[in-house]
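In what follows, a structure is listed as structure tokens, so that the remarks can point back to it.
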Amino acid sequence: MHLKTFAPVVLFVLVALIFEARAQQSDTPAAPSSAWNDNSLISVQKDDGDPTRSGDVKIEYYGHDAFKITSPRGLTVLTDPWRNDPTGAYPKWFLNEFPALRVDIVLSTHSHFDHDAVERPNGLMVLERLVGQFKLDDIEVTGLADKHKCEPAPPDKPGSASTDLHVETCPPNNMIAFDNAIQIIETGGLRIAIWGDNRAVPNPSLDHYLKNVDVLVLPVETILTSAEVDAIVRKYDPKAVIPSHYFLDGLTTDVSGLESADGWVNDQEKVHHADVRRLNTADLTLNAVQLKGSRHRIYYFGYHFEKK
């Protein structure tokens, strides 16, 4: 056989062998993918779950204003993941990076660094400053547009927000960083309101939404004063209150300026005789039956927060 004839034959045999090997490999089941993708949501969107139907709702605290809420049917929502200020304008607030946990929905109430690290978790969808309504299976989220708490300090006052940012921080002329969208998450027959850093007296048009919440998550001491928190609780009369946005040993730094919520919780228990439940773990399971008849019950995570 001449060399010119032999070369094409060898090439044909090699191609045939490669094709056969690949065909055999295709018959072998592929290893399951560990990728986090939309497959679960493709399935979930076919169902029409009922957020008002009673069931167990799991709440896990990741520190600051970050809560992972799991619906009775297993959908997960994460609120306000945090990070250190990437601009360098503020000192380091957090000792660690926010964990890259898997969740279905990521929410952010406003665009400050301690609430908007939406890129850190592995979220299938991100709803930043949602205004309006969103529903998926047994979760419904309602976003209420309002304003961030502000200090009307004169612009020439040293250390004031107006001086640092060279903008007016109070309505009506404040920039987007001082907007805030309260997020109400309804699932398992419970309506859980994430206040974010909202001002103490929201627009009156929001009152009918907030007067029907079961659980109110409020930033105690650092954003809202004790008197402001008490006034909000009296006005909206929730079944339960969860303090947030406070100093956490092992998570937040002293230079953050965050304060402990211990003083407010102790005052509620000793002076106002509130039903205070001090939790020993970073997670809590609630349901509508459990909260029936309760009024202003306090669930306090204290210094417990999820680290994974």
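In segment 168-184, what residues are acidic (Asp, Glu) and in contact (Cβ under 8 Å) with a residue 40 or more places away in the chain?
Residue satisfying the conditions is Asp179 alone.
In segment 76-104, what residues are within 16 Å of the chain's Cα centre (by Cα) and at positive phi?
Matches in segment 76-104: Asp80 only.
Among (1) touching a residue at least 12 places away in the same chain (Cβ under 8 Å); (2) open to solvent by 40 Å² or more (accessible area, probe 1.4 Å), which single condition is Asn266 missing?
Condition not satisfied by Asn266: (1).
Pick out the one residue from Glu186, Glu140, Glu221 that is in contact with an Asp or Glu (Cβ under 8 Å, 6 or more places away or on another chain), within 30 Å of Arg295 (Cβ to Cβ), crowded, with 16+ Cβ neighbours inside 10 Å and modelled with pLDDT under 95.
Of Glu186, Glu140, Glu221, the one residue that is in contact with an Asp or Glu (Cβ under 8 Å, 6 or more places away or on another chain), within 30 Å of Arg295 (Cβ to Cβ), crowded, with 16+ Cβ neighbours inside 10 Å and modelled with pLDDT under 95 is Glu221.
Restricting to segment 195-212, count the residues that are surrounded by fewer than 22 Cβ atoms within 10 Å (Cβ to Cβ) and in contact with a Pro (Cβ under 8 Å, 6 or more places away or on another chain).
Qualifying residue count, segment 195-212: 1.
Within segment 272-279, is even one residue β-branched (Val, Ile, Thr), under 26 Å from Asn180 (Cα atoms) and open to solvent by less than 40 Å² (accessible area, probe 1.4 Å)?
Among the residues of segment 272-279, not one is β-branched (Val, Ile, Thr), under 26 Å from Asn180 (Cα atoms) and open to solvent by less than 40 Å² (accessible area, probe 1.4 Å), which makes the answer no.
Whether any residue in segment 252-259 is of a type outside the set (S, T, N, Q), over 20 Å from Asp197 (Cβ atoms), open to solvent by 20 Å² or more (accessible area, probe 1.4 Å) and touching a residue at least 24 places away in the same chain (Cβ under 8 Å) is what I want to check.
Looking through segment 252-259, none of the residues is of a type outside the set (S, T, N, Q), over 20 Å from Asp197 (Cβ atoms), open to solvent by 20 Å² or more (accessible area, probe 1.4 Å) and touching a residue at least 24 places away in the same chain (Cβ under 8 Å).
The values are calculated or read from the model by the stated rules, or taken from the named source; none is laboratory data. Just so we're clear, the structure is a prediction, and the values are computed from it rather than from any experiment. Note that each Cβ is placed from the backbone with ideal geometry, even for glycine, and that neighbours are counted across all protein chains shown. These accessible areas exclude ligands, DNA and RNA; they are computed on the full protein's heavy atoms, side chains included. Shrake-Rupley method; radii C 1.70, N 1.55, O 1.52, S 1.80 Å.
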